[in-house]
1. How many residues does the stretch 256-277 contain that are of a type in the set (Lys, Arg) and either within 12 Å of Glu29 (Cβ to Cβ) or free of Cβ contacts under 8 Å to residues at least 24 places away in the same chain (or both)?
2. Which of the residues spanning the stretch 109-155 are in a helix (DSSP H, G or I) and touching a Pro at 6+ places or on another chain (Cβ under 7 Å)?
3. Within the stretch 229-243, is even one residue of a type outside the set (S, T, N, Q), in contact with a strand residue (DSSP E or B) (Cβ under 9 Å, 6 or more places away or on another chain) and in contact (Cβ under 8 Å) with a residue 40 or more places away in the chain?
4. Working only within the stretch 167-190, note down all residues that are at pLDDT below 90 and assigned to a helix (DSSP H, G or I).
5. When Leu264 is evaluated against the numbered criteria (1) open to solvent by less than 30 Å² (accessible area, probe 1.4 Å); (2) at pLDDT 95 or above; (3) under 25 Å from Phe57 (Cα atoms), which criterion, by number, is the only one it fails?
6. Can you spot a residue in the stretch 83-90 that is over 30 Å from Val411 (Cβ atoms) and either at pLDDT 95 or above or in a helix (DSSP H, G or I) (or both)?
7. Of all residues in the stretch 153-166, which are modelled with pLDDT of 80 or more and either of a type in the set (A, V, I, L, M, F, W, C) or surrounded by 20 or more Cβ atoms within 10 Å (Cβ to Cβ) (or both)?
8. Is there any pair with a first residue in the stretch 399-414 that is more than 16 Å from Val215 (Cβ to Cβ) and assigned to a helix (DSSP H, G or I) and a second that is open to solvent by less than 20 Å² (accessible area, probe 1.4 Å) and of a type in the set (A, V, I, L, M, F, W, C) whose Cβ atoms are under 7 Å apart and which are 6 or more apart or on different chains, and what are they?
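The values are calculated or read from the model by the stated rules, or taken from the named source; none is laboratory data. Owing to the predicted nature of the structure, the values given are computational and were not obtained by experimental measurement. Every residue, glycine among them, receives a Cβ derived from its backbone with ideal geometry; neighbour counts consider all protein chains shown. Areas reflect the complete protein model, heavy atoms only, side chains present, ligands, DNA and RNA absent. Shrake-Rupley method; radii C 1.70, N 1.55, O 1.52, S 1.80 Å.
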Amino acid sequence: MDPTLKLLAFLILVLANICPIKSDFSHCEKVVKNWASSSLQQRVKEDKHTLRDLLFFLHVPRTGGRTYFHCFLKRLYANAQECPRSYDKLRFDPRKQECRLLATHDDYSMMSKLPKEKTSVVTILRNPVDRIFSTYEFSIEVAARFLVHPNLTSATKMVGRLRPGATGVSTLDIWPWKYLVPWMREDLFARRDARKMMGSIDIKRNDPYNMEEMVMPLQEYINDPRAHELVHNGETFQVAGLTNNSYFAESHEVRCCVQKHKILGEHVLEVAKKRLDDMLYVGLTEDHRESATMFANVVGAQVISQALTENSSMESAANSKSGQGSSHSESLPDNDDNQDSTSDHKADEIGSTEDLEEKKETMTVGKLMEAYEGCISSLRKTQSRRRKSSLKRISPANFSKEDRSRVSEVVIEQIRSLNHLDFELYKYAQEIFAKQHKHVVEKLSSMESESMFNNPGGITMWKFFSSAMCIVVLLALLFLFVNARRRMSKVKI
């Protein structure tokens with residue numbers, strides 16, 4: 001579909017998202033409460049700490065999820081185990097037999113398409129103000145890549161020609177960027193055309209977030225209807241399953257009512273909190289190192305353990321079959337003449353799966369963290385180079401942490417107000433994170449104790465230390481006894 005048509009379709013969508021005629025408070029309260037009540041009644045298995053067959057990584061945009069996907073999950077799951085075109089809802093097929101990992105920007109409503117009893121969910125949340133900054137910057141960064149074209153028409157035509165033959169998933173295929181990037185792209189071209197019409201411009205302001213000659217100012221961005229629809233309270237709506245990308249039939253009306261009647265957001269917030277409570281893991285972008293370590297111990301350790309168990313079972317089954325003699329193997333059909341054009345690709349997938357399984361046999365949480373550190377360092381360098389290259393096209397509007405600190409408090413306060421639900425959800429996520437941390441520490445301590453007592457070497461060491469302590473205590477008592485006798489003898493004299 002032509003990107004211009006996509007943008008037009010989104011504008012129609014925004015207009016369609018105007019609250020229905022019957023959106024008075026009493027009606028909206030009933031709609032929201034009914035949805036929240038039915039959502040809160042849904043049960044999940046009590047043992048949420050156990051990894052199930054399918055891992056659903058609910059990737060909230062701009063929370064650092066890409067690093068987890070590439071530096072953790074890609075090392076834990078083979079390509080053949082990843083759900084096809086995970087980030088592209090239009091081509092996602094959850095029925096794939098070997099599907100063990102789904103990583104996507106889809107919201108929680110995706111669970112309605114998955115086997116709930118066999119699915120574990122993980123996510124990462126971020127401080128809402130930082131996430132809004134990052135969303136704004138990334139929208140512009142990706143859109144700025146198109147400025148190599150002489151005009152908007154050329155850029156959109158080029159994208160239209162490239163997309164049909166593309167084998168990967170483009171940013172323009174992924175929610176919410178398939179809406180935000182075309183919006184920013186059109187804006188950047190319009191501002192560039194305006195500068196050409198005006199001739200040379202002397203930009204004296206040093207605030208890239210308020211440089212209207214180059215880019216849309218941040219304050220204008222956060223007040224646009226598209227930001228209200230796609231960005232604000234995005235973490236809460238995504239975890240609750242109420243984005244404009246939702247599978248829930250009632251999502252549009254519920255979201256509309258919450259946007260019109262702010263007080264009703266509390267019901268959606270409660271549902272989002274319940275969803276977090278039921279997740280296997282909840283990470284925090286700001287506590288990066290600790291979050292990564294916890295992910296490796298909570299998720300990574302269980303994926304490795306599952307792989308070892310499965311390999312052991314497969315080896316036992318293979319040994320059992322080999323003991324049945326050669327007659328069984330001779331009865332197997334000869335498939336050499338029945339291979340289709342995808343056989344080589346399947347062979348590659350099988351090979352990559354076997355390679356990964358071999359690595360998992362020697363993989364530990366410590367080795368996983370070492371690999372993660374190297375991967376994230378490389379990934380950050382690549383992202384930094386690409387970011388600098390993109391932002392050069394809109395220089396001097398180059399964003400940095402120092403520039404963020406200079407944004408007026410009025411704008412920051414407005415962001416806080418527009419994302420009040422996300423702030424409450426983030427606080428709750430921090431509480432969950434602290435509980436997770438305590439649980440992991442207790443589990444690791446317990447495992448170390450068990451290892452000491454279950455391991456023969458550990459028992460020997462424990463006996464040695466116990467014996468040594470007894471000897472020390474006996475010597476101390478003997479020393480005290482001898483000193484006491486001496487004192488008594490002096491007293492008698």
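1. To start, the set of residues in the stretch 256-277 that are of a type in the set (Lys, Arg) comprises 260, 262, 273-275.
Add one more test, that the residue is either within 12 Å of Glu29 (Cβ to Cβ) or free of Cβ contacts under 8 Å to residues at least 24 places away in the same chain (or both), and what stays is 260.
Count: 1.
2. Step one: list which residues in the stretch 109-155 are in a helix (DSSP H, G or I), which gives 109-113, 116-118, 128-148, 152-155.
Correct list: Lys113, Thr135.
3. Just the residues of the stretch 229-243 that are of a type outside the set (S, T, N, Q), to begin with: 229-232, 234-235, 237, 239-242.
Those left that are additionally in contact with a strand residue (DSSP E or B) (Cβ under 9 Å, 6 or more places away or on another chain): 235, 239.
Checking the rest, the ones that are also in contact (Cβ under 8 Å) with a residue 40 or more places away in the chain come to 235, 239.
Within the stretch 229-243, one or more residues are of a type outside the set (S, T, N, Q), in contact with a strand residue (DSSP E or B) (Cβ under 9 Å, 6 or more places away or on another chain) and in contact (Cβ under 8 Å) with a residue 40 or more places away in the chain.
4. Taking the stretch 167-190 as the starting set, the residues that turn out to be at pLDDT below 90 are 167-173.
Thr171, Leu172, Asp173, listed by residue number.
5. All conditions pass for Leu264, except number (3).
6. Within the stretch 83-90, the subset over 30 Å from Val411 (Cβ atoms) is 83-90.
So of that shortlist, the ones also either at pLDDT 95 or above or in a helix (DSSP H, G or I) (or both) come out as 89-90.
The answer is yes; a qualifying residue exists.
7. Just the residues of the stretch 153-166 that are modelled with pLDDT of 80 or more, to begin with: 153-158.
Ala155, Thr156, Met158, listed by residue number.
8. Ile412/Val129; Gln414/Ile222
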